[in-house]
1. Once you have the Cα-Cα distance between Val183 and Leu247, take 0.36 nm times their residue separation minus that, and quote the gain in nm to one decimal.
2. Trypsin sites (Lys or Arg not before Pro), restricted to the range 152-202: which are DSSP loop and have at most 12 other Cβ atoms within 10 Å?
3. Using a 7 Å offset from Cα along Cα-Cβ at Leu86, what residues in the range 51-70 end up with backbone N under 20 Å from the label point?
4. What is the magnitude of the charge dipole of the range 14-278 about its Cα centre, with +1 placed on the Cβ of each Lys and Arg, -1 on the Cβ of each Asp and Glu, and no other charges, expressed in debye to the nearest 20?
5. Please report, in whole Å, how far the alpha carbons of the range 14-278 spread along each principal axis, starting with the longest.
6. Considering the convex hull of the alpha carbon atoms of the range 92-246, report its projected area averaged over all viewing directions, in nm², one decimal.
7. Testing the spin-label approximation: label points 7 Å from Cα along Cα→Cβ at Asp117 and Ile221. State their distance in nm.
8. For the pair Tyr58 and Asp175, what calculated FRET efficiency results from E = 1/(1 + (r/R0)^6), where r is the Cβ-Cβ distance and R0 = 35 Å, to the nearest 0.05?
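Values quoted throughout were computed directly from the atomic coordinates according to the rules given, and no laboratory measurement underlies them. Here the structure is a predicted model, which is why all the values come from computation and not from measurement. All Cβ positions, even for glycine, are placed from backbone atoms using ideal geometry, and neighbour counts span all protein chains on display.
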Amino acid sequence: MRTNSCCSRLRPSIRSIVLVGWLAIVTADGIKADDAAELITDRPDQTESSLVVQDGSYQLEVGWTFTRDHQNGVLTKAHEAPGSLLRVGLLPNVELRIGWTGFVTSETRAGSLEVNDDGIGDGEVGIKVHLAEEQGKRPEMALLLSTSLPIGDSSLTSDRFDPSLRLAFSHSLSDRVGMGYNVGLNLESEAGVDGAVSTLSSAFYTLALGFELSDRWGAFIELYGGVAVSASGDPTHSFDGGFTYLLRDNVQLDIAAGLGLSDAADDVFFGLGLSVRFPD
């Protein structure tokens, strides 16, 4: 689950995003990948890590998510599985990212009216570029560029290639506590009641604290949301938290739950996940 988009007509060109990505790769400082002995994932929180997977490694992160929202007398429940992200180490400082929403099942109720919908969701492809290691007060940094892939069923697809740009930062606060935060711009297309497709945009943020509870157990708490860009729109703000368990050095289980802090955000969500790195 990602932050919802708010209304705007801004749309960066694909050419400009590719140029930013190329410059980031060429000028990246302090090239670094995940330590081979440590499994670093981009789930279950909304904050993407500032690390990339090791060159030549593959990391698959999958999960199931349930969301519930009640607004203006309309109750919506939805399941998504297996929400997937494949991360491939291309270079010491660059990873390829291929994502898929998974199969979506939703139920909407408004009074006595009930509508059920299910189908295949959209995909996503992008890259993450490690820019700099943490040094003194300077955080570790990474740049993520991606675009949606309109491969979903008619009722679930955006019907457009929607780009996204994200900067990821992290600080080590102690041997067992870390802080990560992201900022970026996300675009999302959707069809109106008249069938016309409009592209909406939001600036989003995340802020997470991670805790190493033991050699196997980890935990996190997080704030995240999105706000309108140069247009009217209700902001989304949410809070979540969860736990991770390292089953093996290359296998991690996770559980997370959250709630909305603003009317436009989902009321509650719950998720379970599994992450595996190859080779071990």
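1. Result: 19.9 nm gained on full extension.
2. Here the trypsin sites (Lys or Arg not before Pro) that fit, given the DSSP loop and packing criteria, are Arg176.
3. Those under the cut-off are 52-64.
4. Roughly 520 debye for the range 14-278.
5. Rounded to whole Å, the extents work out to 56, 43, 32 Å.
6. On the way: hull surface 49.8 nm².
With every direction weighted equally, the projected area is 12.4 nm².
7. With each label point 7 Å from Cα toward Cβ, the separation is 3.6 nm.
8. On the way: r = 29 Å, r/R0 = 0.84.
Taking R0 as 35 Å, the efficiency between Asp175 and Tyr58 is 0.75.
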